[in-house]
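What follows is a single structure, written as structure tokens, with notes after it.
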Amino acid sequence: AEPANVYGVYREGVNYLDPDTKEFLGFGVVDLGTARFENAEGDVARFKLLTTSQDVRINDRLIATEERKVESVFYPKPPEGDIHGHIIHVFSGVRNVSQYDVVVLNRGEREHLKVGDVLTIKGQGEIVKDHQTDELVKLPDERRGVLIVFRTFEKVSYGLILRAQSPIKVGDIVENPT
């Protein structure tokens, strides 16, 4: 009824699924730019694109911009509860990430994650054959880095990798610091 002045232009991105339970956690969006409301006649409105990073297509979405306060000061601390999750997506568009990259975690506010929580990143230990017993043995998980949570949602969170000792990838474990 009362249009906002400026809108974000978005395209639906990747679906976020929990790797353990296969629960749908939400979906990411691709930020394409901003548009300004010009005028409307009935149910049809005209917008002027102000900024774009890609072409805007049919089925892209307009969402009224909201005032979102992004915390500029973080107080690093361990999470209040016991956290055991995974990196489920990286924004760089590649599988491996490193220091200062942003990742999506399959844990969020419902698991009591908060802005400023620090988590250890571990790679899952490989399964190898013990040549003495011919049994399969799982090697210990390998510490790969540290991240800080900077944005939380109900089921997912965004984290910034602060330190990477070795390559970090989608599927790596995130848990309380040790």
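The values are calculated or read from the model by the stated rules, or taken from the named source; none is laboratory data. This structure is a prediction, so every number in the text was calculated from the model and none was measured. Virtual Cβ from ideal backbone geometry, glycine too; neighbours counted across all protein chains shown. Accessible surface areas use protein heavy atoms only, side chains included; no ligands, DNA or RNA. Shrake-Rupley method; radii C 1.70, N 1.55, O 1.52, S 1.80 Å.
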Just tell me the longest site-free run in the chain, where the sites are GluC sites (Glu not before Pro) in a DSSP loop having at most 14 other beta-carbon atoms within 10 Å.
81-125
Over what distance in Å are the Cα centres of segment 141-178 and segment 1-80 separated?
24
Which pairs break 21 Å Cα to Cα here: Lys22/Lys77; Lys22/Lys169; Lys22/Lys129?
Lys22/Lys77; Lys22/Lys129
Note the listed values (1) 69; (2) 30; (3) 47, then indicate which one is percent of Cα pairs over 25 Å apart calculated from this particular structure.
(3)
Along segment 151-168, what does the Karplus equation 6.51 cos²θ - 1.76 cosθ + 1.60 (θ = phi - 60°) give for ³J(HN,Hα), rounded to whole Hz, x for Gly and Pro?
8, 10, 10, 4, 10, 9, 9, 9, x, 9, 6, 8, 8, 10, 8, 8, x, 10
Would you mind working out the accessible area per residue for segment 22-178, using a 1.4 Å probe, and quoting it in Å²?
66
Starting from the 7 Å offset along Cα-to-Cβ, what nm value, one decimal, do you get for the label separation of Gln99 and Asn5?
4.2
